[in-house]
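*Asks:* First the structure, then my questions, so here it is.
Only the coordinates and a few stated rules stand behind these numbers; no lab work does. Not measured: the values here are computed from a predicted model. Here the Cβ is made from the backbone with ideal geometry for all residues, glycine too, and neighbour counts use every protein chain on show.
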Amino acid sequence: ELKVEQNPLFLSMQEGKNYTIYCNYSTTSDRLYWYRQDPGKSLESLFVLLSNGAVKQEGRLMASLDTKARLSTLHITAAVHDLSATYFCAVGTASKLTFGTGTRLQVTL
Amino acid sequence: DGGITQSPKYLFRKEGQNVTLSCEQNLNHDAMYWYRQDPGQGLRLIYYSQIVNDFQKGDIAEGYSVSREKKESFPLTVTSAQKNPTAFYLCASSMGGGGYNEQFFGPGTRLTVL
């Protein structure tokens, strides 16, 4: 059974500093998705990573994928309050998406 | 506007009742999914459908049922056999099935058992 682990589960960030979220998974895949969820809301697609070495950036967020290490990272540059949310990675296989448990980010002044 | 709609937004169920959650999409997607989310947790797959008139059980199908009579619609029924149905339910769709196609999510239905 595919397992997807995120760490940390909770991250308190100071505004202006840099942080990284890690997503490890237990089986071969070259499809990795990152989603954002605001409290009480649905999931919003952030990034789709389709191959080893893929890197995508949007604003202060940058996601990368290392399929050999079975690891994806979401890097936050100069955190701002608007980034406070829960972030999920999801690994795609032939049959389905498997989600991690999420990382809740809280940005403080 | 293309998208996925779910209704109702909030639903209250008495014990022993069956309730049906609606999911409609106008994205012309072939595949549709139902997920359950419990507080502080990730999403778990209940059922999915890759084509009209066909669907498969996900990881936690017990106590749930679905139908896929139209491409646009994928309703979920939470039956009385589901012992702990209080959760946030999310519907999603994608061009093709499986995990190789990006899934897009509806706004969700929050179900509470009274």
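*Asks:* Taking the stretch B:69-107, which residues are under 14 Å from B:Asn28 (Cα atoms), away from chain A (no Cβ under 14 Å) and touching a residue at least 24 places away in the same chain (Cβ under 8 Å)?
*Replies:* Within the stretch B:69-107, B:Lys71, B:Glu72, B:Ser73, B:Phe74 meet the criteria.
*Asks:* One residue is enough: does the stretch B:13-26 have a residue meeting the conditions in a loop (DSSP other than H, G, I, E, B), within 11 Å of the chain's Cα centre (by Cα) and within 29 Å of A:Lys3 (Cβ to Cβ)?
*Replies:* There is no residue in the stretch B:13-26 that is in a loop (DSSP other than H, G, I, E, B), within 11 Å of the chain's Cα centre (by Cα) and within 29 Å of A:Lys3 (Cβ to Cβ).
*Asks:* Another question, then. B:Arg36: more than 9 Å from chain A (Cβ to nearest Cβ), among the basic types (Lys, Arg) and under 13 Å from the mean Cα position of the chain (by Cα), yes or no?
*Replies:* In short, yes.
*Asks:* Condition first: closer than 28 Å to B:Tyr48 by Cα, of a type in the set (S, T, N, Q), in a loop (DSSP other than H, G, I, E, B) and within 10 Å of chain B (Cβ to nearest Cβ). Can you find one or more residues in the stretch A:2-21 that meet it?
*Replies:* Taking every residue of the stretch A:2-21 in turn, none turns out to be closer than 28 Å to B:Tyr48 by Cα, of a type in the set (S, T, N, Q), in a loop (DSSP other than H, G, I, E, B) and within 10 Å of chain B (Cβ to nearest Cβ).
*Asks:* Hey, another quick one. Within the stretch A:75-94, is even one residue under 30 Å from B:Ala87 (Cβ atoms), within 11 Å of the chain's Cα centre (by Cα) and away from every other protein chain (no Cβ under 14 Å)?
*Replies:* Within the stretch A:75-94, one or more residues are under 30 Å from B:Ala87 (Cβ atoms), within 11 Å of the chain's Cα centre (by Cα) and away from every other protein chain (no Cβ under 14 Å).
*Asks:* Return yes when A:Thr108 is farther than 25 Å from B:Tyr48 by Cβ and touching a Phe, Trp or Tyr at 6+ places or on another chain (Cβ under 8 Å) and no when it is not.
*Replies:* So A:Thr108 does not fit the description; no.
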